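The structure under discussion appears below in the form of C-alpha cells.
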C-alpha cells in the first residue's frame, strides 16, 4: 500500500451537470458510474455525477454550482484555473476529435495546428472549461 494519496477523479463545476457529463461521456467514450445514468422518465435533477472508464475507474466528476464565470483565457481577466489535456496519435485524429468536440458543443479557443512540434487545439467545453487536444 502506498503512503501517497491517490487521485480519485477530477471534478468540474458546472451549472448543467448532466449536459457537461454527457459532453465528456461522448467525447471520451466513458460511461456513467452505476446509478448515475440519465433517468428513464421525469426530470433530471442530478447535482453530482461521475464518469468511469471501461474498467470502472473514476475519471471525471461533475458538481453543480449556482453560478460559473467562464475563463476569458487567453486574456487573464478570469484565469483558466484548471484545464484538461488529451492526447491523440496523429494530426488526422486531432482533426477528427476537434470536429467531434465541436459537434458536441465545444468551441475553439486556440488553434495551434501549425506548430510542427506539438499541433494542438485548446477548446472550451459547455461550461467554458478549457481543454487541450494535441498530438502526443
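The values are calculated or read from the model by the stated rules, or taken from the named source; none is laboratory data. Remember, predicted model here, so these are calculated numbers, not experimental data. Note that we place each Cβ from the backbone using ideal geometry, even for glycine, and neighbour counts take in every protein chain shown.
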Inset, instruction - Run down 37, 26 and say which single residue is outside the structural domain of residue 121 (by TED's automatic domain parsing) and closer than 16 Å to residue 129 by Cβ. - result: 26
Inset, instruction - Among the residues of region 107-124, write down those that are within 14 Å of the chain's Cα centre (by Cα) and closer than 17 Å to residue 87 by Cβ. - result: 121, 122, 123
Inset, instruction - For region 120-131, indicate whether the set of residues that are surrounded by fewer than 16 Cβ atoms within 10 Å (Cβ to Cβ), outside the structural domain of residue 23 (by TED's automatic domain parsing) and either under 21 Å from residue 50 (Cα atoms) or out of contact with any strand residue (DSSP E or B) (no Cβ under 8 Å at 6 or more places or on another chain) (or both) is non-empty. - result: no
Inset, instruction - Please indicate, with yes or no, whether at least one residue in region 83-99 is in contact with a helix residue (DSSP H, G or I) (Cβ under 6 Å, 6 or more places away or on another chain) and either within 16 Å of residue 133 (Cβ to Cβ) or outside the structural domain of residue 124 (by TED's automatic domain parsing) (or both). - result: yes
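Quick grid of which residues meet (1) more than 18 Å from residue 11 (Cβ to Cβ); (2) modelled with pLDDT of 95 or more; (3) within 11 Å of the chain's Cα centre (by Cα):
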position: 39; (1), (2), (3): yes, no, no
position: 65; (1), (2), (3): no, no, no
position: 84; (1), (2), (3): no, no, yes
position: 94; (1), (2), (3): yes, yes, no
position: 131; (1), (2), (3): no, no, yes
Inset, instruction - Output yes when any residue across region 88-97 is touching a residue at least 12 places away in the same chain (Cβ under 8 Å) and under 14 Å from residue 126 (Cβ atoms), and no when none is. - result: no
